[in-house]
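Have a look at the structure below, then the notes.
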Amino acid sequence: MPFGLTPPNYAPYVLSILRIVAALLFLEHGTSRLFGWPSPIPTPGFLTMYWFAGAIELVAGVLLTAGLFTRCAAFVASGEMAFAYFISHAPNGFFPIVNRGDAAILYCFVFLYIAFAGAGPWSLDALWRKKA
């Protein structure tokens, strides 16, 4: 492999890519919920449960995309997705493919992993660690 990069050496960079892609998709949910863009979801009432969900998706999505306060943002996002699954999806059936909760489960566990693994090398967290 060029530059001494073997598959285990790629792992931190792939973690950064996973974080960025998942965060951008998560951010899209927040902007759709709060601003009706890019998907015209009806804007929830101010300070309702769905408004808070959109706010968490927006703020955590931005923080996770940048890799800033990654562990905390990922933990909060993971919790929100667990809550969303049990509040919004599970009552509609046992199987996630039936209750349309498969994305919430995936987000929950991807963000839980990131909360423990950290942001990876391509992040503001890593940049600040180098300066300290």
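Results, tabulated for the structure shown:
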read-out	value
Residue that is surrounded by the fewest Cβ atoms within 10 Å (Cβ to Cβ), among those in region 82-132 that are among the β-branched types (Val, Ile, Thr) and within 18 Å of ALA60 (Cα to Cα)	ILE105
Neighbours by Cβ (under 8 Å, 6+ apart or cross-chain): first from region 88-105, within 16 Å of SER78 (Cβ to Cβ); second charged (D, E, K, R) and outside any helix (DSSP H, G or I)	HIS89/ARG100
Subset of region 26-47 that is without any contact (Cβ under 8 Å) to a residue 24 or more places away in the chain and part of a helix (DSSP H, G or I) - its residue that is farthest from ALA103 (Cα to Cα)	PHE35
Matching residues in region 97-132 - criterion: being among the polar types (S, T, N, Q) and more than 30 Å from TYR85 (Cα to Cα)	none
Candidate set: region 69-114, residues that are of a type in the set (Phe, Trp, Tyr) and part of a loop (DSSP other than H, G, I, E, B); chosen: the one nearest to ASP125 (Cα to Cα)	PHE69
Some residue of region 57-68 being modelled with pLDDT of 95 or more, over 23 Å from LEU124 (Cα atoms) and surrounded by 16 or more Cβ atoms within 10 Å (Cβ to Cβ)	no
Residue, farthest from ALA77 (Cα to Cα), within region 1-24, restricted to residues that are aliphatic (A, V, I, L, M) and surrounded by fewer than 16 Cβ atoms within 10 Å (Cβ to Cβ)	MET1
Checking ALA84 against (1) over 16 Å from ALA117 (Cβ atoms); (2) out of contact with any helix residue (DSSP H, G or I) (no Cβ under 7 Å at 6 or more places or on another chain), the condition it does not meet	(2)
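The values are calculated or read from the model by the stated rules, or taken from the named source; none is laboratory data. Computed from a prediction, not measured in an experiment: that's the story for all the values here. All Cβ positions, glycine included, derive from the backbone under ideal geometry; neighbour counts span all protein chains shown.
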